[in-house]
Amino acid sequence: MLAKVPRVVVAMIVQTLLYGIYLETLIQCLRWLIFIDEGWKPREKINSHTLTFTTIFIFFTSTINHITTLQFALEILSRDKSRHTTRYNIGIAMSVSESLTLLSIDYVLIYRCWIVYAKAWRIICVPVTFWLGSLACSALYSYYGTVDFSRKDPIAIQIDFEQMVLLGLYVCNIATTIYTTTAIIYRIWYTSRKTSGSLSPKRLNYIMRILAESGILYTCTAMFRLAGAVLVSVTRTDAIWVNCFINDISDAINFSMAGISFNLLLIRVYQSRVERRGSLAESRNDDGV
C-alpha cells in the first residue's frame, strides 16, 4: 500500500496540472469557434457546429474523468474497504468518460480527413475500420471494467483479457491518429504544390506546426501510454513498482494530452486562415488594389 500511495499522488498531480493547460487551450479554441476573428463579438453563424459540439462534449467528458479520477484516488488513499460500492460507481464513470473522449477525438480527425479529401469515402475506409475497432475495444473494456469493479477479488483470466482489450484500444487509437494526420498533411502539401508550383515557406511552416503540435504530440503520448500498458500486462503477476508507476503516469499524461492536442489543432487551423487573409490584404494594398 505504501508503494501505491506515491504513485497515486504523483499521477493525480500530473493530471491536475495538465488539465489546467487543457482549460487554457480550450478557452482559445472556443474563442476561434464561437467569436469573430478580431474581437469578442459572437459570430452570426458558427463555422462548424460539428467541431463546436465535439469540443464542448470533450470538455464535459474530460472534466468528468478528471473529477472521478480524483475521487477514485482519494478513495484508494482512504483505505476504507467498506466503500466498495462507491469505488465501483466511480470506476465505471472513469472508464466510460475516457473511452468517449478518445473516440470523439478520433471521430473528428476522421471527419477532417473526409472534408479535406472532398468527402471521398474511400479515403476514410481504413481509419473508420480502426475507429470501429476502438469502439469495440472501448465497449468490451467498459463492460469488463464494470464487472471487475463489482468484485472485491477479480478473476485473473478476466484481468488478462481486460488488459488485452485495453492494448487493442490504444493500438487502434494510434493507427487512426497516424493515418488521418499523415493523410491531411499530404493533402495540404499536394494541393499547395499543384496550385502554386512550389510550397511556400509560410505554408510549409503551417504544415509542420500542425504535425508537431497535434499529430506527433498526440501520437507520442499515445505510444507512451501503450508502452505503460504493455509493461503492466507482460509483468502483471510480478510487476515491479517502476512498471506500475510508468503505467499510472502514462495514463494521466495521455488522456490530458489528447484534449490539448485536439484544441491546438483547431486553434492552428483558424489562426492560419486569419494569417492567409491578412497576407492577401497586404499584397493587395501593395499593388494598389
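Observations, loosely collected:
- Verdict on Ile184 being surrounded by 17 or more Cβ atoms within 10 Å (Cβ to Cβ) and either modelled with pLDDT under 75 or not in a helix (DSSP H, G or I) (or both): no
- Condition met for Asn205 (modelled with pLDDT under 70 and at negative phi): yes
- Within the stretch 25-55, the set of residues being over 19 Å from Asp106 (Cβ atoms) and in a loop (DSSP other than H, G, I, E, B) comprises Ile36, Asp37, Glu38, Gly39, Trp40, Lys41, Arg43, Glu44, Lys45, Ile46, Asn47.
- For the criterion of being assigned to a helix (DSSP H, G or I) and under 22 Å from Gly215 (Cβ atoms), Ile58 passes.
- Looking only at the stretch 92-102, and only at residues there that are crowded, with 21+ Cβ neighbours inside 10 Å and aliphatic (A, V, I, L, M), the one that is nearest to Gly215 (Cα to Cα): Leu102
- The one condition in (1) without any contact (Cβ under 8 Å) to a residue 40 or more places away in the chain; (2) closer than 12 Å to Gly259 by Cβ that Pro42 fails to fulfil: (2)
- Considering residues of the stretch 232-248 that are at pLDDT 75 or above and within 15 Å of Met164 (Cα to Cα) only, the residue nearest to the chain's Cα centre (by Cα): Asn247
- Some residue of the stretch 263-279 being modelled with pLDDT of 85 or more and of a type in the set (Gly, Ala, Ser): no
- Residue check, Met223 surrounded by fewer than 19 Cβ atoms within 10 Å (Cβ to Cβ), in a helix (DSSP H, G or I) and at pLDDT 90 or above: yes
- The single condition among (1) over 30 Å from Arg268 (Cβ atoms); (2) in contact with a Gly (Cβ under 9 Å, 6 or more places away or on another chain); (3) modelled with pLDDT of 85 or more that Leu167 does not satisfy is (2).
- Looking across the stretch 112-139, the residues that are over 18 Å from Ala252 (Cα atoms) and crowded, with 18+ Cβ neighbours inside 10 Å come down to Arg112, Cys113, Trp114, Val116, Ile123, Ile124, Pro127, Phe130, Trp131, Ser134, Cys137.
- Against the criterion of being at pLDDT 85 or above, in a helix (DSSP H, G or I) and more than 29 Å from Arg273 (Cα to Cα), Leu132 qualifies.
- Checklist (1) crowded, with 17+ Cβ neighbours inside 10 Å; (2) in contact with a Leu (Cβ under 8 Å, 6 or more places away or on another chain); (3) hydrophobic (A, V, I, L, M, F, W, C) applied to Phe72, failing item: (2)
- Yes/no for Arg122 being among the basic types (Lys, Arg), assigned to a helix (DSSP H, G or I) and free of Cβ contacts under 8 Å to residues at least 40 places away in the same chain: yes
Per-residue answers, yes or no, for (1) modelled with pLDDT under 80; (2) farther than 30 Å from Asn247 by Cβ; (3) surrounded by 14 or more Cβ atoms within 10 Å (Cβ to Cβ):
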site	(1), (2), (3)
Val8	yes, no, yes
Met12	no, no, yes
Trp32	no, yes, yes
Leu51	no, yes, yes
Thr55	no, no, yes
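The values are calculated or read from the model by the stated rules, or taken from the named source; none is laboratory data. Bear in mind that the values here come from a model prediction, so they are computed numbers and not experimental data. As a convention, Cβ positions derive from the backbone with ideal geometry for all residues, glycine included, and neighbour counts pool all protein chains shown.
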